[in-house]
1. Can you pull out every residue in segment 132-175 that is part of a loop (DSSP other than H, G, I, E, B), within 22 Å of residue 225 (Cβ to Cβ) and more than 25 Å from the chain's Cα centre (by Cα)?
2. State whether the residues of segment 85-103 include one that is closer than 30 Å to residue 298 by Cα and either out of contact with any helix residue (DSSP H, G or I) (no Cβ under 8 Å at 6 or more places or on another chain) or part of a loop (DSSP other than H, G, I, E, B) (or both).
3. Please enumerate the residues belonging to segment 113-124 that are touching a helix residue (DSSP H, G or I) at 6+ places or on another chain (Cβ under 7 Å) and either farther than 25 Å from residue 293 by Cα or not in a loop (DSSP other than H, G, I, E, B) (or both).
4. Can you list residue pairs whose Cβ atoms sit under 7 Å apart, with the first residue in segment 208-223 being under 13 Å from residue 193 (Cα atoms) and the second being in a loop (DSSP other than H, G, I, E, B)? Count only pairs 6 or more apart in sequence or on different chains.
5. Just checking, does segment 60-73 include any residue being over 30 Å from residue 150 (Cα atoms) and without any contact (Cβ under 8 Å) to a residue 12 or more places away in the chain?
6. Considering only segment 192-207, how many residues are assigned to a loop (DSSP other than H, G, I, E, B) and in contact (Cβ under 8 Å) with a residue 12 or more places away in the chain?
7. If you take the residues of segment 399-414 that are in contact (Cβ under 8 Å) with a residue 12 or more places away in the chain and surrounded by fewer than 24 Cβ atoms within 10 Å (Cβ to Cβ), which of them is nearest to residue 458 (Cα to Cα)?
8. Filter segment 408-457 down to the residues that are out of contact with any strand residue (DSSP E or B) (no Cβ under 8 Å at 6 or more places or on another chain) and part of a loop (DSSP other than H, G, I, E, B), then identify the one that is modelled with the highest pLDDT.
């Protein structure tokens, strides 16, 4: 063989080896990254010297708990459990505090609370400190200086909580930038205001027609004023939240830290569209999210999933939740579907305005029946009296069409539920998830603006639900309001508004019932009650350690400190907290 041919062959062989080495390095790097974010659980952990609050009625409280490889194996006396393991057990001294199941998000939009890493927090008191449109514009201008390109995003804006009592206009947002898209999201997530650059980039022209279930705001001349409502806003919201990879990682990191610092071990994304799922996919595959996450696909995402066009990774920390449907809008935006007119309406609203449904009764019937009869759990956003009626009608039809299907539908928010509707939920085996913490932020305005004095006292009727025999959950609709599990529990017990007034104290429940709603009952709603939500043998060690017993200190919930959070036996909060084997207690 000629020397040039031999050299060519040798070069090809060397090139092949280079490719093999590069591939091997990439695989090792991927494995290393996965291992870094997903450390194994310790062989054995013994928790002692505190109260182990199990949420299990068969053994409500224990003195100590033994965990092996991330699974609870025994509860009892510390000295007895210590004999079941070798000397290298990790001993966690609870220091007189309380260990209980990690808190579970029944409904929210994780990682929404991490948006502050890349966007303007436009919340007003008592969440934030925004009081005026001028301040909003200033903060958007500062964001533009920090972020030299891309959409300028603000979230948490509430027009009823600022001095001007209105939305910013398209022209006002144009004063911040005429070239970069600006999107200001209302706190409800159902409305937004955009500037001219955003309208242009989204392909929204002056002659656009209102979609079914939404509208485009216009000024007195008929020109688009930047306000987008409901179905007109959703596509814009989706595009605005399609973050670049590094921005998404920042948001995920911040949201994860916030949740774990509050003892939350199971988060939820309650209306995931195809774009959001595809954006999250790398993080899900590499295990970059350190807590468990339930993904609830919207109708489009579910249809794509079923047709094989969309993959939703499932694993130890990833859970496929119900299909999320939206039957109406938001009380704070006057688009929640009431059975009677709002108590106080904007000047440009009809006197008999009831809000409105996002879907007709027939359309909702068709969607609920389609997914229910496929054996898929559905979760329907239904807040006002009329939308709750529509949703229950649709569920009744689906139950009748497919009586063999045993999955339990969920109604999300159900703030305005009546006693009759609660009884229908019992008959239809429906799980209500109450947006009860809303009264902490909007309770005063519910009395003065939205449903009015008497109906406001019945908002989130927890006591009536419990009396009817319903097992319910509680949620914060995060990032609409922060998901502070102990605040939800406190609100269920105290029912106090931002001004300190009591709002319908007859609808309060006891602290233990409220704690069940954010642990074991939330796990039942998600269909994972055999894995999390209680501390008993065979369950995953998803745990929160607090410095005091919330049953006794819930009145001072802000003072309760989370000292540790574990997911599957791995300590995730505080970050970097090392646990070393100890041979003695």
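1. 132, 162, 163, 164, 165, 166, 167, 168, 169, 175
2. First pass over segment 85-103, keeping only residues closer than 30 Å to residue 298 by Cα: 101-103.
Narrowing further to those that are either out of contact with any helix residue (DSSP H, G or I) (no Cβ under 8 Å at 6 or more places or on another chain) or part of a loop (DSSP other than H, G, I, E, B) (or both): 102.
Yes, segment 85-103 has at least one match.
3. 113, 114, 115, 116, 117, 120, 122, 124
4. So the pair list comes out as 215/232; 216/208; 216/210; 216/232.
5. Yes, that holds for at least one residue.
6. Of all residues in segment 192-207, those assigned to a loop (DSSP other than H, G, I, E, B) come to 195, 202-207.
Retained after the next criterion (residues that are in contact (Cβ under 8 Å) with a residue 12 or more places away in the chain): 195, 202, 204, 206.
Number satisfying all stated conditions: 4.
7. Only one residue tops the list, namely 408.
8. Among them, the one singled out is 429.
The values are calculated or read from the model by the stated rules, or taken from the named source; none is laboratory data. Not measured: the values here are computed from a predicted model. Because the Cβ atoms are built from the backbone with ideal geometry, glycine has one as well, and the counts that use them run over all protein chains shown.
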